[in-house]
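J.: Got a structure for you, questions after.
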């Protein structure tokens with residue numbers, strides 16, 4: 001069993017998903033959800049310490065919908081949710097934070113900055 005915080009990445013772009021997973025997997029136990037179905041399956045079977053969610057998902061729901069649903073779930077009322085998206089208008093940031101996101105990061109993002117943003121949420125990620 002790992003002591004690393006458990007992270008669910010919700011991203012429909014396979015290439016970006018692989019990069020984010022590789023960057024964050026040294027400090028977090030990473031699970032991935034490339035579809036809405038996978039997202040629901042993951043949160044049904046696991047409890048997560050943090051989420052990375054893209055706003056634009058090729059599905060009938062988007063990242064804002066998922067954030068709002070997570071914030072209505074007793075298990076995730078205060079869990080950090082980091083939005084990482086190419087939707088970078090001010091309204092996208094405002095809507096994300098209003099829905100319950102903890103942080104908003106614009107794509108493209110340097111790997112070192114992405115990692116730093118997540119490490120700030122867990123000052124000592126291997127001993128949560």
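J.: Residue under question is residue 75, and the condition is that it be touching a residue at least 24 places away in the same chain (Cβ under 8 Å) and more than 19 Å from residue 117 (Cα to Cα); does it hold? Walk me through how you get there before you give the answer.
T.: Numbers: touching a residue at least 24 places away in the same chain (Cβ under 8 Å): yes; more than 19 Å from residue 117 (Cα to Cα): yes.
Spelling it out, residue 75 is indeed touching a residue at least 24 places away in the same chain (Cβ under 8 Å) and more than 19 Å from residue 117 (Cα to Cα).
J.: Can I ask one more? Among residues belonging to the range 91-123 that are in contact with a strand residue (DSSP E or B) (Cβ under 8 Å, 6 or more places away or on another chain) and without any contact (Cβ under 8 Å) to a residue 24 or more places away in the chain, point out the one that is surrounded by the most Cβ atoms within 10 Å (Cβ to Cβ).
T.: So the first thing to find is which residues in the range 91-123 are in contact with a strand residue (DSSP E or B) (Cβ under 8 Å, 6 or more places away or on another chain), and the list is 92-93, 96-97, 100-107, 109, 113-114, 117-118, 121-122.
From the residues that got through so far, the ones that are without any contact (Cβ under 8 Å) to a residue 24 or more places away in the chain too are 93, 97, 102-106, 113.
Numbers: 93: 17, 97: 15, 102: 17, 103: 17, 104: 20, 105: 18, 106: 13, 113: 11.
Filtering first and then ranking leaves 104.
J.: A follow-up question, please. Checking the conditions here, which among 72, 116 is more than 13 Å from the chain's Cα centre (by Cα) and more than 19 Å from residue 6 (Cα to Cα)?
T.: Details: 116 fails: more than 19 Å from residue 6 (Cα to Cα).
The unique qualifying residue is 72.
J.: Might you check whether a residue that is over 21 Å from residue 114 (Cβ atoms) and not in a loop (DSSP other than H, G, I, E, B) occurs anywhere in the range 80-88? Please lay out each step first, then the result.
T.: Restricting attention to the range 80-88, the residues satisfying the condition of being over 21 Å from residue 114 (Cβ atoms) are none.
No, that holds for no residue.
J.: Follow-up question, since we're still on this one. Of the conditions (1) more than 12 Å from the chain's Cα centre (by Cα); (2) over 15 Å from residue 71 (Cβ atoms); (3) modelled with pLDDT of 95 or more; (4) surrounded by 12 or more Cβ atoms within 10 Å (Cβ to Cβ), residue 88 clears all except one; give me its number.
T.: Going through the list (1) more than 12 Å from the chain's Cα centre (by Cα); (2) over 15 Å from residue 71 (Cβ atoms); (3) modelled with pLDDT of 95 or more; (4) surrounded by 12 or more Cβ atoms within 10 Å (Cβ to Cβ), residue 88 breaks only (3).
J.: Given the condition surrounded by 15 or more Cβ atoms within 10 Å (Cβ to Cβ), in a strand (DSSP E or B) and modelled with pLDDT of 95 or more, answer yes or no: does some residue in the range 53-69 qualify?
T.: Among the residues of the range 53-69, at least one is surrounded by 15 or more Cβ atoms within 10 Å (Cβ to Cβ), in a strand (DSSP E or B) and modelled with pLDDT of 95 or more, which makes the answer yes.
J.: Residue 47: surrounded by 15 or more Cβ atoms within 10 Å (Cβ to Cβ) and either under 14 Å from the mean Cα position of the chain (by Cα) or farther than 19 Å from residue 111 by Cα (or both), yes or no?
T.: Working: surrounded by 15 or more Cβ atoms within 10 Å (Cβ to Cβ): no; either under 14 Å from the mean Cα position of the chain (by Cα) or farther than 19 Å from residue 111 by Cα (or both): yes.
Here the answer is no, as residue 47 does not meet what is asked.
J.: Of all the residues that make up the range 6-25, how many are surrounded by fewer than 18 Cβ atoms within 10 Å (Cβ to Cβ), touching a residue at least 24 places away in the same chain (Cβ under 8 Å) and closer than 13 Å to residue 114 by Cα?
T.: Total meeting the criteria: 2.
The values are calculated or read from the model by the stated rules, or taken from the named source; none is laboratory data. In this text, all values refer to a predicted model and were calculated from it rather than measured experimentally. Reconstructed Cβ throughout: ideal geometry from the backbone, glycine too, with neighbour counts over all protein chains shown.
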